[in-house]
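Down below is the structure, laid out as structure tokens.
The values are calculated or read from the model by the stated rules, or taken from the named source; none is laboratory data. Keep in mind that this is a model prediction, so the values were computed, not measured. We place every Cβ from the backbone using ideal geometry, glycine too, and count neighbours over all the protein chains shown. Heavy atoms of the whole protein, side chains included, go into the accessibility calculation; ligands, DNA and RNA do not. Shrake-Rupley method; radii C 1.70, N 1.55, O 1.52, S 1.80 Å.
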Amino acid sequence: MGLLARAAPLVLGIFIALTYKLYEELSVVPRVPNNIEFYEYWGPAGTDPYADSLDVVPFNISYPRAVIESLRRKLHDGPNLTAPLEGTAFQYGTNSRRLEEILEYWRTDYLDRWDEREAYLNKFQHFKTKIQGLDIHFIREKSDRVTNPKRVVPLLMLHGWPGSVREFYDIIPMLSNRTSDKDYVFDVIVPSLPGYGWSQGTARPGLSESKVAVVMKNLMARLGYKRFYIQGGDWGAIVGNLMAILFEKDILGIHLNMCMASESPSTIVKMMLSSFAPTAFIEKQFIDFYQPIWPKIAQLILEGGYMHLQATKPDTIGAALEANPVGLAAYILEKFSTWTDPANRELQDGGFEKHFSLDALLDNVMIYYLTNSITTSQRLYAESFNSAEMAKRLGSIPTNAPTACAKFRHELMQYPDWILKDHFTNLIQSNHYEEGGHFAAMQLPDVLYKDIVQFVNRLYVVYSKTEWSQPFKNMTSWFDFIASIQ
């Protein structure tokens, strides 16, 4: 006991010294790298890294009837699901009784109308183009009635996991068509992230969030835009944020419905300070969006099990879900229940149809099933949350790109503006909404639309004097293309 007592001050001193050293290291803000690899190739080995065509080709979603009937048989021959515990709803995950009801609807009513659903998914113009060795799919929608290029505003919209381009189907026409609340229309570009939906997954390790940001920048350049707006949530918010860091001068504005704070010790310190004296740092009417902090952290941990699994063993859970429509639906749909409103955990039906139609939810599941992209989509977690990527600490670099944060009540994590402004140094709009959760574009498209337009209207008068597009007519090779965007 005497030895321990004597050693305690030494151990404490070492702990304090190491903690201070770590704090000191993390407090150093890295610089934006000047060696961004626009040429980095993600295609299969044995293919020519410099043979990518610059062509943008139309794409049509079409699956043989045999594929749909095979799915129907799998749903019919699915497992006998274990009954939920007595008196439980979604506290243990997807409620099997509710899942059986949805599977029955999927197998019968939904698949009976698959031609209708397939036509709905094709309602916008779809394209593919080769970027850094990968076939990248995207939707592009803009009004033909507006010919003045200064009245066509480029907007890149980025989805996350377990979402897809389907999240934006209700908001796209609001943005791309003429309306009385804006003097312009958006040229709406909605890509499937690499490895998601109809976008090809990488053949080699390393395609992290920051690398995806480069792919998306190259895509916009391919479409003729050097400067543009970004909107995103979930991975879309993270990738969009990185684009605003890496390509700050080219981002006209970034609108996020999941604004993340700087990856620095000051964020933790400020969160702790605001928990002790919230009224000193947060407007009174919004305190409960952020405080008390500990129940919100507990909620994040409760909902975050998937993240650890996908950041460490994405292929294992992928193998369990591939070609398994029952498991795939259970895994994906649960997120649309509890991430939309944690109170849905207490509902026998999961609260799905309070916020979404079953057709919309199943459209999204179908995209993962038909493209067999559940494994490749999950690999983004492993590539982004490994030591090499996290050591770059790109998220701790501030960006001065004009920023708007739309804060929906039930988003998984929120940060007050006084913390966000350390990172988003030009935060010009921050709105709080009493309704809504993680999938805002799909749940509340009208609200999100108005928030986007409010933000762009603030900047449009200034930017309308500039040209959005860059000429690409004289390009004949990938080298010309890359040189044009640097």
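Conditions tested, residue by residue: (1) basic (Lys, Arg); (2) part of a helix (DSSP H, G or I); (3) touching a residue at least 60 places away in the same chain (Cβ under 8 Å); (4) open to solvent by 70 Å² or more (accessible area, probe 1.4 Å).
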| residue | (1), (2), (3), (4) |
| --- | --- |
| 261 | no, no, yes, no |
| 267 | no, yes, yes, no |
| 271 | no, yes, yes, no |
| 275 | no, yes, no, no |
| 282 | no, no, yes, no |
| 288 | no, yes, no, yes |
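Please tell me if residue 112 is of a type in the set (Asp, Glu), more than 22 Å from the chain's Cα centre (by Cα), modelled with pLDDT under 95 and exposed (fewer than 15 other Cβ atoms within 10 Å of the Cβ). No; evaluated as a whole, the condition is false for this residue.
The residues listed here are 179, 202; of these, the one that is out of contact with any Asp or Glu (no Cβ under 9 Å at 6 or more places or on another chain), in a loop (DSSP other than H, G, I, E, B), polar (S, T, N, Q) and open to solvent by 10 Å² or more (accessible area, probe 1.4 Å) is 179. Scan region 336-354 for residues that are more than 19 Å from the chain's Cα centre (by Cα) and open to solvent by 10 Å² or more (accessible area, probe 1.4 Å) and report the count. Residues that pass the stated criteria total 9.
Residues of region 128-140 being of a type outside the set (D, E, K, R) and under 20 Å from the mean Cα position of the chain (by Cα), which ones? Scanning region 128-140 gives 131, 134, 136, 137, 138, 139.
Answer with yes or no whether residue 402 is touching a strand residue (DSSP E or B) at 6+ places or on another chain (Cβ under 6 Å), crowded, with 22+ Cβ neighbours inside 10 Å and touching a residue at least 12 places away in the same chain (Cβ under 8 Å). So residue 402 passes the test. When residue 143 is tested against (1) of a type in the set (S, T, N, Q); (2) open to solvent by 40 Å² or more (accessible area, probe 1.4 Å); (3) under 26 Å from residue 186 (Cβ atoms), exactly one condition is not met: (2). Scanning region 23-57 for residues that are open to solvent by 50 Å² or more (accessible area, probe 1.4 Å) and β-branched (Val, Ile, Thr), which turns out modelled with the lowest pLDDT? Checked region 23-57; the qualifying residue modelled with the lowest pLDDT is 28. Of the candidates 254, 230, the single residue that is modelled with pLDDT of 95 or more, in contact with a Ser or Thr (Cβ under 8 Å, 6 or more places away or on another chain), of a type in the set (A, V, I, L, M) and surrounded by 23 or more Cβ atoms within 10 Å (Cβ to Cβ) is 254. Each residue in region 255-306 was checked for being among the basic types (Lys, Arg) and over 30 Å from residue 457 (Cα atoms), and 2 pass.
Only residues that are in a helix (DSSP H, G or I), out of contact with any Asp or Glu (no Cβ under 8 Å at 6 or more places or on another chain) and within 30 Å of residue 443 (Cβ to Cβ) were counted across region 221-242, and they come to 4.
On the given criteria, is residue 379 under 17 Å from the mean Cα position of the chain (by Cα), basic (Lys, Arg) and part of a helix (DSSP H, G or I)? Yes.
Within region 67-101, restricting attention to residues that are charged (D, E, K, R) and under 15 Å from residue 334 (Cβ atoms), the residue that is most open to solvent (accessible area, probe 1.4 Å) is 97. Considering 319, 237, 311, the condition of being more than 21 Å from residue 431 (Cα to Cα) and open to solvent by less than 60 Å² (accessible area, probe 1.4 Å) is satisfied by 311 alone.
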